[in-house]
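**Student:** Below is one structure. I have some questions about it.
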Amino acid sequence: MTSIGTVTPRARPQAGPAWLVLSLACACQFMVILDASIVNVALPSVQRDLGFTSTGLAWVVNGYLLAFSGFMLLGGRAADLFGPRRMLAAGLSLFSAASLVGGLATTPEVLVAARVVQGVGAAMMAPATLAVLNTRFTEEHMRARAFGAWSASGGVGGMAGAVAGGAITTGLSWRWVFLVNVPIGAALIAVAMVSLAGTRTGGREPLDLAGAVTGTAGLAALIYGVMRSADHAWTSAQVLMPIGASLLLLVAFVAVEARFATRPMVPLRLFGIRRVAVGNGMLLLFGGISTAMWYFTSLFLQNVLGFSALQAGLGQTPAAVAFLVIARRAAALLPRTGVRPLVLVGCACFVAGFGWLSLAHAGSGYVTGVLGPTLLIAAGIGLTFPTLMAAATADGPEGDAGVIGGLANTAGQAGGSIGLAVLATAAGARTALEADGGSPATALAAGYDLVFLMAAGLGLAIAAVSMLLPRHRRG
């Protein structure tokens, strides 16, 4: 009982059950990946309806990636300061509203602007979901399983997007690949408000404004410069000027974080945690692996083997299913084996799978030319992606869970953006060399085969970096 005059403290709402919190995090990851993959197959229809130029059409994809990668660190620190519940709900609201605008767009400018805003919303969502997982699942086995499920949900999103994008574009309209996000987002906002009711709401420290400006602008300028290399030479002013500006901004960012910020957006001490530093380095390299697998394999199926958009999506479905199954298994193995063994086996799959895929040509059959090697590569992705995410977000303080999640997502997204630009440039140059002596399909196949060989090299690089990880200690 309480005496008269005593103020009874208000009971704090209880967080939802673990399964509901995990389901929310997985659904948000599914939504982000679904949106990226579902748009790719709709691009030709978008170009015809809105009158995009070939260069402008690329910004339907690049605008999203640029904002997503550039704002991720800011989103991660904001999740720590204001709480993952608020940031997740705000990100979902922004993402859903931008999807509605994109689905109703009547001009190229409006659609690209909507995609940029979608990217900002995704940059708020992704680190918030990782912050939720890091703080809600602290026991090693449960945490590993949670990360396995979160990673696998991305595979489901990629698989569903590739198939659903072709089906929706063919049966309805490309507009519905955006509009489908609206009801999904509304449902997830409701779940977030209920399931995260008792989570930490963040502190009252001020946002590191100088770090936010220099860090976000530096990352965005870097990615923008790399993306410009698709249309201009690497030595051109269009590429070198934004990259040079990004280097100056990032140097300023490091100085601000090290010397002036009282509450740094990215505490540099985090890079003193070996798992965090090495894990992020491997995720940066892994971004190129993922791009080579999903993006360039889809192009090979359509441009070389003559598959339709829907057929290409179905053709990648077995690999997506393999990734889903193996990612869940990797999560169960991780507490027993540690990070390095799973990464090394995964890298062996990359080298063998991409080496096999690089032999494909215009006359190859689907089963032996594409299906076999992509199943092997998908096995490698299933082993490595959840493992790398768990490594890159482990050992950090709970108060930095959001920014650690932002770092991991930024590394993967930046690696994918840079990898796309570098690999696309290499493929284009090789295709141009082969164009005079054969059919267009043969020339394109030569370019894609070079990409696959380069991806095999990235697999070797990840294996080498994994040697820097600390030894696994069994509990």
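**Student:** Counting other beta carbons within 10 Å of each Cβ, put THR214, THR410 in order, fewest first.
**Tutor:** THR214, THR410
**Student:** Here's another thing I want to ask about it. Given a Förster radius of 30 Å and the C-beta distance between LEU247 and VAL367 as r, what FRET efficiency does 1/(1 + (r/R0)^6) yield to the nearest 0.05?
**Tutor:** That pair, LEU247 with VAL367, gives E of 0.05.
**Student:** For THR106 and LEU333 in the same chain, what is the full-extension length gain: residue separation times 0.36 nm, less their Cα-Cα distance, in nm?
**Tutor:** Working it through step by step, the gained length comes to 76.8 nm.
**Student:** Please compute the modelled spin-label separation between ALA426 and ARG471, points set 7 Å along Cα→Cβ, answer in nm with one decimal.
**Tutor:** Distance between the two pseudo-spin positions: 3.5 nm.
**Student:** Among CYS347, CYS26, which comes first, second and so on when ranked by fewest other beta-carbon atoms within 10 Å?
**Tutor:** Fewest-to-most Cβ neighbours within 10 Å comes out as CYS26, CYS347.
**Student:** Which length gain, in nm to one decimal place, applies between LEU453 and VAL321 when the Cα-Cα distance is subtracted from 0.36 nm times their residue separation?
**Tutor:** Extending this stretch completely gives an extra 45.1 nm.
**Student:** Turning to a different aspect of this structure: With angles folded into 0 to 90 degrees, how steeply does helix 140-171 sit against the dominant principal axis of the chain? Use alpha carbons for both and round to 10.
**Tutor:** 50
**Student:** Determine, from the Cβ-Cβ distance of LEU179 and THR235 and an R0 of 41 Å, the FRET efficiency 1/(1 + (r/R0)^6), rounded to the nearest 0.05.
**Tutor:** So the FRET efficiency works out to roughly 0.45.
**Student:** To the nearest 10 degrees, how steeply does helix 72-82 sit against the main Cα axis of the chain, on a 0 to 90 scale?
**Tutor:** On a 0 to 90 degree scale, this one is about 20.
**Student:** Which angle between 0 and 90 degrees, to the nearest 10, do you get for helix 18-40 versus the longest principal axis of the chain when only C-alpha atoms count?
**Tutor:** Taking the Cα atoms of the chain, the angle to 18-40 is about 30 degrees.
**Student:** Got a sec? Charge dipole of the chain, +1 on Cβ for Lys and Arg, -1 for Asp and Glu; which of GLY119, ALA332, SER364 is way out at the positive end?
**Tutor:** Of the candidates, ALA332 comes out farthest on the positive side.
Laboratory data are not the source of any read-out in this text; all were calculated from the coordinates shown. Quantities reported herein were computed from a predicted structural model and do not represent experimental measurements. Counting neighbours? That spans all protein chains shown, and the Cβs are built from the backbone with ideal geometry, glycine included.
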